[in-house]
Every structure is written in structure tokens, then in C-alpha cells.
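Asker: Here's a structure for you.
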Amino acid sequence: MRKKIIAAISVILAILQCMGAEASVVAKEVGSHVVQLIPSVVQMEKIESAVSEDPGSLYSLSAVLMDGESGRVLYEKEGETPRPMASTTKVMTCILALENAPGDDYVEVSANAAAQPEVKLTMQQGEQYYLEDLLYSLMLKSHNDTAVAIAEHIGGSVEGFAGMMNEKAAELGCTDTHFVTPNGLDSTDGGGEHHTTARDLALIMRYAIKNKTFLHITETRDYTFSDLSGKRQFSIHNANALLDMTDGVLSGKTGFTAKAGYCYVCACEKDGKTFIISLLGCGWPGNKTYKWKDTLALLQYGEENFQYKTFWQEPSLKEIEVKNGVTKELYPGSTVYVPCGYSVPEEKKQQKILLNKDEKVIMKITLPGELAAPVKKGQKIGEAAYYLGEEKIYSFPIVTEKSVERNSYFWCADRVFHDFFH
């Protein structure tokens, strides 16, 4: 009887395999025999190559994956929630310094800068440094004293520089960001707590990587410099460990405070796609590697799920009836129509956008049912727009392709005169 049962089970398993049944490894015990149902080679390939529908469970309290080209958020987890951002603040500090002063500026260290807490370069009051050297100190090792020295040099004071930071944030489209310090240390002023959102932080990094000097600084692995007197020498190594974890890393900045937890923002280029990743509240002491795991998970999600596709669709336009309209070809009383047209550059028709398999771009055409004469050639009468969800990604005007005069006594008299005397 036992042999018959085992034989029957073997037949069933063979049938399941022939049918391509997908199953995990399952063990069933029959007497003293163990039978395993093992996925076929084809099934294993399906399992290994399956595209993830989302990046899975992230450690970060807030996270954003952004398309660096368009600024569109591809994935978010509490991306609009305000949180402290620690030393990722220094991305803004660096870009403002690059835009407002030359690298060979002399920066003198104040007592306030020298008194900043760790992590610090240990600058001393009265010392002078080249601004460019301090930017490497700022971005590679995240020195807090360096950030204050730069802020005081550019903005006249920490408060003055914070004002510049907030103005720039608003200019970039940040909607819930408030800077108080140039180094990211937790602080509060009359405008509120020092904070940002994962979306806003990604926008700041997206802007920063357009600056070639910023990219060069943040891609540098090791840098050596001295103060202007030459008495003190410094050698620093880039703390952005992602540079050694994956290829295509353009820039990155870590951060940590007791209130913010571990934070990170980076930009990576993969197969022609630029991704910006920002993480806030990604674990506390004991979880220092969480930010790397979340970053790699989001990068993989972006690589596997998003591809560049053209969104152009040729619009089908109808002619529009013109009330009280007349033309030389038609007498009064005839129905007059005006053709519609548009002008779109060829490069715009070829433009591509990052889309996942479930996203579709919809074209909506807005045109009136009729027009009232007179109508001028080239007159805007409507719009064609392309939408991704509720977001308008591109639009162009629809215009008339010829003029239509208004029916009047003078037009009729002129037409009669023309027909009978010419």
C-alpha cells in the first residue's frame, strides 16, 4: 500500500511540473520517505527576474525617489512630512558658496566657527583658509566649524546666510523647508525648527548636481590642504560610502543628529537615467547601515521599474464653425468653418519621460464648440495638454489657420460690387 501511495504522489508531482505549476519548495513526509516539490529551471528564472512592484519595506521614516531630469517623484514614503535633516543641510551651504564667492577667497575663522561641536576640522580663531579647500572639508567630512566659517564669510553672519538658504529653497520650489543653521545642527529661530521634507531635499540635490564644481568636489575620494600660513596640514577622505557600493554615483551627503537620526541624499546615474534619493530618519545609533540598504533598494526599484518613453501623440483636430462668418468662397447664409493647427518643435515630439509599466500619458484637447466672427489667422482658440495622472507635463496652443470676416452690410455691398462690376 505504501508503495502505491508513493507512486501516486510521484505521478501527481510530475503532472504539476508538466503544467508549469509555480510553487515554493514544499516537503511532505510519507512514512519514512520525504518528497520535495522543487521549482523547474524555467520557474526559478521567473522568480529571479521578477520585477519588484515597490522597493519593499524601508527603514527610513521619510524617503523619496526622484527623476533627476524632470523632478518628478517616482516613489515616496511620507515625502511631504517635515523632519530635521542633519548634515544633508550642507548641500545647500555648498551650492550657495559656489554661486556667491570665488574659490580663492580668503576665509577667516571666527570664535563662533572655532567653537562648533564635533564633527569639526578643529580650526582656530584667526586662521585663514581658501574657500575652495573648506568646501572639500564641508562635503567630504561634514565639518561643522567649516560650515559656520563659510556661512559667515558669504552671508556676513549665520543668520544672514540662513536667510539666503531659505530664499534659495523657495526659488527651487521647496514647500516645507526652513534653514536655521548652515551645518544642520538642530536649532530653532523665529521661523521655526530647522527642517525639510524628503521631497524638498531631493529638489535641492537635483539643483546642486547641475553645478560641475559641486559634482567634482563630492566625487573626490581624498583631498589634502593646509591653512594659508602652511603651518597646519589636513588630509580628508570622503565619507560617502555609496561611492564604493555601486557604479554611477554622482554625489551624496550623509548626516546625523540625535533628533534627525541618520539622513542621506544622493544622485546616481543608471543606464542614462538620473535618480535622486533622499532619506530622513533612517535609523539611530546601532543602525548606521540602514541608509545604504534603503538607498540600494530604491535604486534597484528605479532601475527595474522605470524606462524612458516618448509621450507624444498626434492630435486629431476638427474644424470649428464660425457664427456670422463669411469668406470670399461662400456667400452669407452658408456655414463657415475654420481649420485648426499647432506648431511644436520636433525635439519636443521626441522628448521622453520616465514611466513605469502602469503609467500612461493622456492627451486632452480643449476646443470651443463654435467661434464668433471675426477670427484672425493664428488666433489661439484652445490647448492640447499631456497629463500623467493629474500632473500636466506639456501643453501647446491650438490656433486658427485662416482668417474669417464677420458678415456685415459693408461686406455684402463690397461683394456685390466685386461680382457684378469685375
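Asker: Output the helices (runs of 4 or more DSSP H) that fall wholly within the range 129-214 and possess 1 or more residues being under 24 Å from Ala241 (Cβ atoms), in contact (Cβ under 8 Å) with a residue 12 or more places away in the chain and among the aliphatic types (A, V, I, L, M), or say none.
Answerer: By residue number, 131-140, 144-155, 198-208.
Asker: Residue under question is Ala239, and the condition is that it be among the aliphatic types (A, V, I, L, M), assigned to a loop (DSSP other than H, G, I, E, B) and within 30 Å of Glu303 (Cβ to Cβ); does it hold? Write out each step before concluding.
Answerer: On the way: among the aliphatic types (A, V, I, L, M): yes; assigned to a loop (DSSP other than H, G, I, E, B): yes; within 30 Å of Glu303 (Cβ to Cβ): yes.
Criteria met by Ala239.
Asker: Kindly indicate whether Gly261 is over 26 Å from Pro82 (Cα atoms) and out of contact with any helix residue (DSSP H, G or I) (no Cβ under 6 Å at 6 or more places or on another chain).
Answerer: Values: over 26 Å from Pro82 (Cα atoms): no; out of contact with any helix residue (DSSP H, G or I) (no Cβ under 6 Å at 6 or more places or on another chain): yes.
So Gly261 does not fit the description; no.
Asker: Now a separate question. In this structure, is Ala97 surrounded by fewer than 14 Cβ atoms within 10 Å (Cβ to Cβ), over 30 Å from Tyr387 (Cα atoms), of a type in the set (A, V, I, L, M) and out of contact with any Gly (no Cβ under 7 Å at 6 or more places or on another chain)?
Answerer: Values: surrounded by fewer than 14 Cβ atoms within 10 Å (Cβ to Cβ): no; over 30 Å from Tyr387 (Cα atoms): yes; of a type in the set (A, V, I, L, M): yes; out of contact with any Gly (no Cβ under 7 Å at 6 or more places or on another chain): yes.
Judged against the criteria, Ala97 is not a match.
Asker: Just the residues that are part of a strand (DSSP E or B) and either under 31 Å from the mean Cα position of the chain (by Cα) or within 20 Å of Leu201 (Cβ to Cβ) (or both), please, taken from the range 76-123.
Answerer: Hits for the range 76-123 are Glu76, Lys77, Arg83.
FYI, it's all coordinate maths here, none of it is from the lab. All values derive from a computational prediction rather than experimental measurement. Cβ sites come from the backbone with ideal geometry, for glycine too, and all protein chains shown count toward neighbours.
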